[in-house]
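Chemist: Here it is, the structure in full.
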Amino acid sequence: MSTHRPPTLAPTGQPSWRHRRFDRDHALGLRLTLAATAAFLVLVPFALLTLLVLGAWAPLRRLDTTVTDALHDHAQDHSAWVVLMRVWTEVFAPMPLRAVVLLLVVWLLRRGARRLALWAATTMVVGGLLGPLLKLLVGRDRPELLDPVARAAGYSFPSGHALNATLAAGVLLLVLLPYARRGAARAALWVAAVLLTVVTGLSRVALGVHFTSDVVGGWLLGVAVVAATTAAFTSWRAHTVGRRVLPAHGMS
């Protein structure tokens with residue numbers, strides 16, 4: 001005997017908002033709800049972290065200083081580690097990652113996935129604009145170290161490298177996952193996305209040009225932007241093409 005329950009009807013005779021959003025047979029509403037919820041949940045800790053940085057909260061400051069000093073001491077004693085971190089931070093800097101996403105956008109346009117291409121471009125642009133704006137608003141100085149192994153200009157919070165690595169990893173992962181048919185390929189994509197995000201952030205702290213909280217702030221903001229743009233474009237698609245189940249390409 002079937003256990004499927006009929007949809008709950010609103011007074012107008014249409015399925016209720018709750019049913020439209022959470023019914024597994026209508027993936028569009030469910031994905032919109034999950035993306036919007038994720039954006040909100042990630043923005044809360046980011047806002048809290050920003051307030052702690054602005055208020056120069058002593059425990060956070062001590063943690064940042066302790067980690068920075070420990071990694072700086074390690075870097076001074078291991079030149080090969082410094083070279084590795086410098087190479088990584090240059091290869092996966094914001095501009096190279098934006099170039100990769102631009103190539104992805106061109107590829108999507110050639111395949112006719114215009115909405116997905118617009119989402120990818122918008123995600124990178126929105127995140128790329130928010131990062132420098134927040135740096136100016138927060139105005140946090142970078143770590144001051146004796147005999148630094150690397151230098152960087154501008155303010156510190158949030159880390160632009162960590163932010164853009166998160167944005168690029170999120171865009172590449174969401175676009176390419178539907179093409180990975182095998183479990184091993186999907187796992188490889190997840191591992192690559194996590195490594196790109198984590199190691200890029202680590203490289204900035206290891207080189208002494210960012211505090212740990214700068215990097216965490218960049219990660220949180222990046223996830224929030226990806227979730228928010230996903231929710232916005234999913235909603236847009238819902239209004240333009242109706243409540244059809246999403247195809248394999250998501251927002252294409």
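Read-outs: derived from the displayed coordinates by stated rules, not from any lab. Since the structure is predicted, the reported quantities are computational estimates derived from the model, not experimental observations. No Cβ is skipped: glycine too gets one built from the backbone with ideal geometry, and neighbour counts run over all protein chains shown.
Chemist: From the square roots a ≥ b ≥ c of the eigenvalues of the alpha-carbon gyration tensor of segment 26-153, which class results: rounded (a/c under 1.5), prolate (a/b over b/c), or oblate?
Modeler: Oblate.
Chemist: Please work out how much length the chain gains when fully extended from residue 186 to residue 62, using 0.36 nm per residue of separation minus the C-alpha to C-alpha distance, in nm with one decimal.
Modeler: 40.7 nm
Chemist: If you don't mind, another one. Kindly rank 172-178, 148-154, 117-123 from highest to lowest mean number of other beta carbons found within 10 Å of each residue. Mind dumping the intermediate values first?
Modeler: Working: 172-178: 18.0, 148-154: 13.9, 117-123: 21.6.
Final packing ranking: 117-123, 172-178, 148-154.
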